[in-house]
Amino acid sequence: MSEINPELAKRIWDIFAGIKPVLRREFKDKIKANEIAPEQAITQFSPFNREHQQLAASVIADFEKVFAAQPDTTAAISKVLDEFENKIGRQHPDLLYYSLEVFLSHHNDDLDIILPSIFIREPESVQPSSDSAAKFHLQLAVGSAEETMMDYWREDPLLNEHHGHWHIVYNNQYTKNRQGEMFYFMHRQMLARYMAERYGVGIDELTPFSDMHVPIEVGYTAGPDIRLSERYGTGRPVNAPVKEEYADTQTQWRLMIEEDINKGKYDPKDPYDMAAEIAAMDKFAGTIESSPAGIQAPYNNYHGYGHGFIASVNNGVMGVPETALRDVIFWKWHLHIDDLFEQWMSRLKPHPVFKDIPPVKIRKSVDATGTPDSADLIICKTNEIEDYHIEDGALIGQSAFGANLWDETFPQGSYHYQASDGKVKNIATTGTLNTFTRTATMEYVTSKGEKRTYNYTYLAHDPFCYFIRLENTSLQAMQYTVRLFIVPKEWSENNRKWIEMDKFLVDMAPSSRQVIFRADTQSSVVKKPVVLNPDEYDKEFTPVEMELDAQRCKCGWPYHLLLPFGSDKGDGMAYQLMVMITGNDLVGRQPDCGSLSFCGTKDKMYPDKRPMGYPFNRPFAGGKMPINQAIIDHAHMAARTLFIKHI
Ligand SMILES: [Cu+2]
């Protein structure tokens, strides 16, 4: 990446910080006055809409043409911005913003562009829905008081920003490697997290919305300021019907999809081969989403049309990726989509087919409840490590838990390590991580010039790290891939419910024992650079922040949501933490992007040779508890219990 000059960077910032409701209002007025060409006369721009995607494609093609005609990048980008400004007033502003952002994100390799946060870009849409009058909120918002218990999560501004940004990075114009598979995987992971969260908060399990002939039982009304955005309708009441013709289309398509799955249209060519599985899922999910990974089918873009059919009830948040998560129906619609992926997956040959077990050893036993337990999986809260510095992690681990202490166990308690200065310091291990509810303040000025200040709550957790004791039994130096997952213990036999926490490469000397250190902030799932406090964002363009950062990748999961809620009852909620070691599957030691799980690396191969979510990419078979049995039986897998307690 290279830096662009500060004036140009500031100009980009200012464009994205611009007040969009005014532009939207002007555009609506022009439509009314018949000043806009009919094919451009859009009321709500939605990248889920096929026709809108095509309009964006031609805008992006214009940007590319302008860009290619200039000798240097700075001149090229400023001409593209001129072109963007020329188009304002002739095409829908959200179509133009979307196209510009997709274009810039594609060229982000050459440029270190800082876009303002969602708090600045779309302030009216981050307002918590609880700021609607309470009664109005319950009646219209979600249909039940219970559902509002999840507002803090569904309406988390940075979660919504993440989702919006993901759909910019994985767009329809610039094809990415394994894009269809990524659509399936990223959304399945969000669902696993959402369901674990509901379970922890103590509300009903999520049910799918699979039949649009049934009125939408849940409603959604965002905070009242959303109406000032000129982008959305007033909200969707509970039990609102989807238009009959849309429901007919959806039903017809759903039946065709199920028939094609059952006919084996999307089966992998070889039922055991991972590359064949990846290609097959990529094609299937790419067709359903849709993305360029898909194929022609009558139901192509089934998922996207579903967003549109639901949004059409009242120009709802479902039409827009950076607000869709706020609505309960998003999760119900996506659970239905995921059910289709599950139908496809149930046709694969189940695990265990682990033929490629690397020469490693992690010690383990079985605890009193019959579940796997490993003394080689050690967890610490980083604020319980005296004089902790992340760069000393490996040294701390080796000193506290390795070398002549290799055969000791370290149940929750206080221990010691020797720091590089020779001094003995304290370190505590834990079996429980805490989550908290914190309050932050958002301040914004509406398009009417009114200043708003709101408190909102967000979930946060103890900063923590893992120490994993791993033995390389090979006589060779090896590189291994470490894969970490968690799941609510009661759901540990359900392969859809495992939450990916991290995956990374380690180097091992021949026949060696190593204490591997890994901090939560390094997680391959999390957006980099890590945002520790969601309300700390740049309120203004600050060129000093524009330093190069090879790890920068803006589409990862928000750090503060890395751990699920857990439970506020008793000891908290019992989770299982599982580690699986595979060979050198990750392409490259230092990916361009530090958030490879959900972001891949830009324009290159997805940096994992195995199917996303491996080993939970297939059902497990054998015995009463096949997943736990596989963990017990295989030398390259281990697990332990971890409590997550909300305090
Ligand atoms: Cu999405």
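When we screen Ile113, Ile88, Ile118 for residues that are modelled with pLDDT of 85 or more and open to solvent by less than 20 Å² (accessible area, probe 1.4 Å), the only hit is Ile118.
Every residue in segment 619-647 that is part of a helix (DSSP H, G or I) and open to solvent by 10 Å² or more (accessible area, probe 1.4 Å), please. Listed by number, the residues that qualify are Pro626, Gln629, Ile632, Asp633.
Mind listing whichever residues of segment 173-187 are farther than 20 Å from Asn495 by Cβ and within 16 Å of the ligand (Cβ to nearest atom)? Residues satisfying the conditions are Lys176, Gln179. Tallying residues that are open to solvent by less than 10 Å² (accessible area, probe 1.4 Å) and more than 13 Å from the ligand (Cβ to nearest atom) within segment 149-171 yields 5. Summed over segment 421-438, the residues that are farther than 18 Å from Arg640 by Cβ, among the polar types (S, T, N, Q) and either touching a residue at least 60 places away in the same chain (Cβ under 8 Å) or open to solvent by less than 10 Å² (accessible area, probe 1.4 Å) (or both) give a count of 2.
Every listed requirement among (1) buried (at least 19 other Cβ atoms within 10 Å of the Cβ); (2) in a loop (DSSP other than H, G, I, E, B); (3) in contact with a helix residue (DSSP H, G or I) (Cβ under 8 Å, 6 or more places away or on another chain) is met by Val313 save one, (3).
Set side by side, the residues Met195, Met190 differ, and just one is assigned by TED's automatic domain parsing to the domain that holds Ala285, within 13 Å of the ligand (Cβ to nearest atom) and closer than 30 Å to Phe643 by Cα, which is Met190. Just need a number here: residues in segment 351-386 that are outside the structural domain of Gly623 (by TED's automatic domain parsing), open to solvent by 50 Å² or more (accessible area, probe 1.4 Å) and farther than 30 Å from Gln398 by Cβ. Number of matching residues: 2.
Within the set Thr457, Thr441, the sole residue that is touching a helix residue (DSSP H, G or I) at 6+ places or on another chain (Cβ under 7 Å), open to solvent by 40 Å² or more (accessible area, probe 1.4 Å) and touching a residue at least 60 places away in the same chain (Cβ under 8 Å) turns out to be Thr457. Scanning segment 525-534 for any residue that is among the polar types (S, T, N, Q), farther than 23 Å from Asn404 by Cα and assigned to a strand (DSSP E or B) turns up nothing.
The values are calculated or read from the model by the stated rules, or taken from the named source; none is laboratory data. All figures in this text were calculated on a predicted structure; none of them were measured in a lab. Neighbour counts run over all protein chains shown; Cβ positions are idealised from the backbone, glycine included. With ligands, DNA and RNA removed, areas are computed over all heavy atoms of the protein, side chains included. Shrake-Rupley method; radii C 1.70, N 1.55, O 1.52, S 1.80 Å.
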